[in-house]
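Chemist: This is the structure I have questions about; it appears just below.
Read-outs throughout are calculated quantities, based only on the coordinates presented, and are distinct from any laboratory measurement. The structure displayed is predicted, hence computed values, not measured ones. Counting neighbours? That spans all protein chains shown, and the Cβs are built from the backbone with ideal geometry, glycine included.
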Ligand SMILES: [Zn+2]
Ligand SMILES: [Zn+2]
């Protein structure tokens with residue numbers, strides 16, 4: 001159903017991965033969910049008022065990742081302007097949330113001794129909703145210190161990879177077939193251009209050009225998820 005695709009540039013050997021992910025907002029809280037495009041996530045997104053695709057690319061000129069949240073207007077309940085505003089708000093909140101939890105998790109890791117094991121346990125439980133795929137069966141009622149540490153490390157790794165992929169990228173909101181990109185600061189500019197340097201960006205797909213050197217991209221590997 002869905003896959004992660006690894007591309008390699010024939011000229012400079014750079015590697016790019018496209019993750020084929022979707023986002024959708026929780027209809028009650030407007031919290032954003034970011035998921036691999038698997039059947040369960042697609043089903044889940046059907047009751048959401050705001051859904052779309054995530055496109056990851058790169059500006060070779062700025063040397064920065066670019067993440068585009070592309071709203072699907074045909075499956076979203078709001079008009080363009082409202083969709084963009086709500087999504088902007090939800091992304092900012094989510095980025096802040098992950099950064100705060102990351103900070104808290106690092107503090108707990110430093111303090112991890114027997115005496116605060118309850119606190120770590122609470123932290124993991126309280127975040128179960130967000131990191132359920134990582135925690136799952138790992139929670140056992142008499143979890144020892146070592147177990148706690150490995151759980152905490154998994155959560156930290158997960159958050160760091162999120163921060164690296166999303167928070168530290170140039171985040172853009174766009175609409176399928178729309179002519180514009182919108183930055184998180186509310187600026188509007190021509191589609192397919194980097195908001196920082198205004199250069200044209202290329203996408204990570206077969207036979208496109210490498211965003212770093214302009215060479216040809218070829219599929220190196222494909223990982224199927226379901
Ligand atoms: Zn290249
Ligand atoms: Zn740029």
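Chemist: Out of curiosity, is residue 153 within 18 Å of the chain's Cα centre (by Cα), more than 15 Å from ligand 2 (Cβ to nearest atom) and surrounded by fewer than 18 Cβ atoms within 10 Å (Cβ to Cβ)?
Modeler: no
Chemist: Can you find a residue in segment 39-56 that is within 16 Å of ligand 2 (Cβ to nearest atom) and either touching a strand residue (DSSP E or B) at 6+ places or on another chain (Cβ under 6 Å) or over 20 Å from residue 176 (Cβ atoms) (or both)?
Modeler: yes
Chemist: Within segment 57-75, is there a residue that is surrounded by fewer than 17 Cβ atoms within 10 Å (Cβ to Cβ), in contact with a strand residue (DSSP E or B) (Cβ under 9 Å, 6 or more places away or on another chain), free of Cβ contacts under 8 Å to residues at least 40 places away in the same chain and more than 17 Å from residue 194 (Cβ to Cβ)?
Modeler: Yes - at least one qualifying residue is present in segment 57-75.
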